[in-house]
Amino acid sequence: MNRFRLQDHLDDIYSSFPNSRRQPVIGITANFSDGDATLRDRYYKQIIAAGGTPLLIPPVADKDVLHNTLDAIDALLLTGGGDYNPLWAGKQPSPHLHNINAERDLPELLITRMAYHRQIPMLGICRGIQTLAMALDGEVMQDIESESTKQQENEPLIKHSQDADRSEPTHTVAVVPDSILHSLYFSSPDSKPSTPDLSPGTLPVNSFHHQAVRATGKRFRVTATAPDGVIEAIESSEHKAILGVQWHPEWLGTDGLPLFQWLVQQASLFQQAKTLHRDILTIDTHVDTPMFFPQGIHFEQRDPRILVDLHKMTEGRLDAVFMVAYLPQPKQGEVFADKVDISAFNLRLSASDLRPSTYANLIFDKIEAIVADNHDHLALARTPDHLYANKQAGKKSIILGIENGLAIEDDLALLTHFKNRGVAYITLCHNGDNAICDSARGSHTHGGVSPFGEQVIREMNRLGIMVDLSHGGEQSFYDALDISLKPIVCSHSNCRSLCDVPRNLTDDQLRALASKGGVAHTTLYHGFLRQAGEATILDAISHLEHAIDIMGIDHVGIGTDFDGDGGVPGCADASEAINFTLHLLRRRYSAADIRKIWGGNWLRVWQETLKL
């Protein structure tokens, strides 16, 4: 090849087909100095060595640039640099503060928070670990020597800003055993650092910093510390692909490469999940967002009062939600009107006028108004075909449901009314027996489904409304299975063998449901996931996998119960829905299986129910 002949280089590039293998794109934040956006070559060379394609991100806070940048990348690398202006943390400058970089601060804080919302994998290096802490509710020391606990207690510190060559480690860190970092460097002989005579779990690092993370906040946990206790590494406490280190692995050659390989691997997985969500229909079969209508929520904004809105659905790549009108079950002697808030509807109704059906219709009126106000991005769906058409048109879908058959007020004619409004399913009861059936938390009023309840189920079959037995008592469940001519759904129910509460389904119930073609959808209410300790997305995955073991892959799905107390670390709102997919991909579930879990099974039942 003639080195200076352009055509020779082009011929080499185009010598085979396909032109190149698909690599994940890693966005790298650039420094800013003397009017120039700059970047040390070590960063992008390590990304290339790890198998990624680097994309340099200038420090720009423009919202359109930020959105489009995040759309284009599969992971984010936050690089080193100057100090943060302490005003971003509500602090005044310490006398030991070094040079701040005002050009970088806001753009990097914004892109980090937005990448977090989108579940984009992140690696923070030096200033980058501090960026993670600053952007995600942690705290940063302006200066280690004057602010560290060790210094305040007159205990010795080590030197954190070395004079040696940047490629030379000058101190060590102790790595927490159960951590990403430990798995990268100590899980096998091949992955151990090149200094063999260190104690187990000890990693040699290079340091060029005088600031450090003071406190991680709830979103992170400490995974490495220096001998003087200074935090040297953090990772997500929510089982997300986010990692920060205080040292500079870009200068450590092969010893630093595992961190970049980890980022590229996570980016590849995220790229795969995004592609999957683009190609399949993703449905959350139970959310209670209308409960927050009295607060005057803004569905078109990223409203912190609700877990499901247009922004969060978009960030989590969630296509559709079944949004229910929830009706609390009055106890004997209670008045229904006293149990609900209609202040947001600007109506003047007496307690006797506010019937359950009236309240459900008010909820549906409000949903229709929200859809009308956001018709460019949002649409109602009454059939599976509507869902696919809406996705093709680039719109999110809302489908109507009713939680508690109390809404029909002992009147079968109201079933026809709600069917005409677009209601796709009715949860027969809630936390308390009603005229239709006994609840899992009821008093065994009927000993299962009542004679009237039998009429309700048969009329729902006739009209094409799905029968939902979440919240139903065990005998009600079996009665409904015997009565219904169509498969039954449990829109948000977990496994009793993993969490022994009445609301969850026994293994026998799961088998019976599957034998009749029905589906049970894993929910994220912490009390139905585990009885002690904090539940996380890993618990939800365990319930899902148990249901798969008992029922088979064709009978499971996801119904989060967002805004009805559903949501756990790792899948806390609709923006984190794609995390479910990431965990399933890590467990080697196929695209076909994930399609079924994310709504394919539910659509089968819905379609069968609609066959009149």
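The values are calculated or read from the model by the stated rules, or taken from the named source; none is laboratory data. The structure displayed is predicted, hence computed values, not measured ones. Neighbour counts run over all protein chains shown; Cβ positions are idealised from the backbone, glycine included. When the accessible area is computed, the model is the full protein with side chains, heavy atoms only, and any ligands, DNA or RNA have been set aside. Shrake-Rupley method; radii C 1.70, N 1.55, O 1.52, S 1.80 Å.
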Name the residue that is nearest to Ala102 (Cα to Cα), counting only residues in region 27-44 that are open to solvent by 80 Å² or more (accessible area, probe 1.4 Å) and touching a residue at least 60 places away in the same chain (Cβ under 8 Å). Arg40
Looking at region 14-26, can you tell me whether even one residue there is surrounded by 15 or more Cβ atoms within 10 Å (Cβ to Cβ) and among the aliphatic types (A, V, I, L, M)? yes
Given (1) open to solvent by less than 80 Å² (accessible area, probe 1.4 Å); (2) in a loop (DSSP other than H, G, I, E, B); (3) touching a strand residue (DSSP E or B) at 6+ places or on another chain (Cβ under 8 Å); (4) modelled with pLDDT of 90 or more, number of the condition Ala164 does not satisfy: (3)
Can you tell me which residue among Arg496, Arg441 is in contact with a helix residue (DSSP H, G or I) (Cβ under 9 Å, 6 or more places away or on another chain) and open to solvent by 10 Å² or more (accessible area, probe 1.4 Å)? Arg496
Failed criterion for Gly448 (all others in (1) at positive phi; (2) open to solvent by 20 Å² or more (accessible area, probe 1.4 Å) hold): (2)
If we keep only residues of region 98-128 that are within 18 Å of the chain's Cα centre (by Cα) and either at pLDDT below 95 or in a loop (DSSP other than H, G, I, E, B) (or both), then the residue surrounded by the fewest Cβ atoms within 10 Å (Cβ to Cβ) is Arg118
Which residues, counting only those in region 355-390, are out of contact with any strand residue (DSSP E or B) (no Cβ under 9 Å at 6 or more places or on another chain), of a type in the set (D, E, K, R), closer than 19 Å to Phe292 by Cβ and without any contact (Cβ under 8 Å) to a residue 60 or more places away in the chain? Asp365
Identify, by number, the condition in (1) open to solvent by less than 30 Å² (accessible area, probe 1.4 Å); (2) more than 30 Å from Ile426 (Cα to Cα); (3) at pLDDT 95 or above that Ile280 doesn't meet. (2)
Any chance Lys312 is of a type in the set (Lys, Arg) and open to solvent by 70 Å² or more (accessible area, probe 1.4 Å): no
Sole exception among (1) in contact (Cβ under 8 Å) with a residue 40 or more places away in the chain; (2) not in a loop (DSSP other than H, G, I, E, B) for Ser470, by number: (2)
Taking the stated definitions as given, is Phe292 in a helix (DSSP H, G or I), in contact (Cβ under 8 Å) with a residue 12 or more places away in the chain and either farther than 15 Å from Ile398 by Cα or open to solvent by 70 Å² or more (accessible area, probe 1.4 Å) (or both)? yes
Selection within region 387-432 - among the aliphatic types (A, V, I, L, M), closer than 22 Å to Ala369 by Cα and assigned to a loop (DSSP other than H, G, I, E, B): Ala393
Go through region 543-612 and tell me which helices (runs of 4 or more DSSP H), entirely inside it, have 1 or more residues that are at pLDDT below 95 and of a type in the set (S, T, N, Q). none
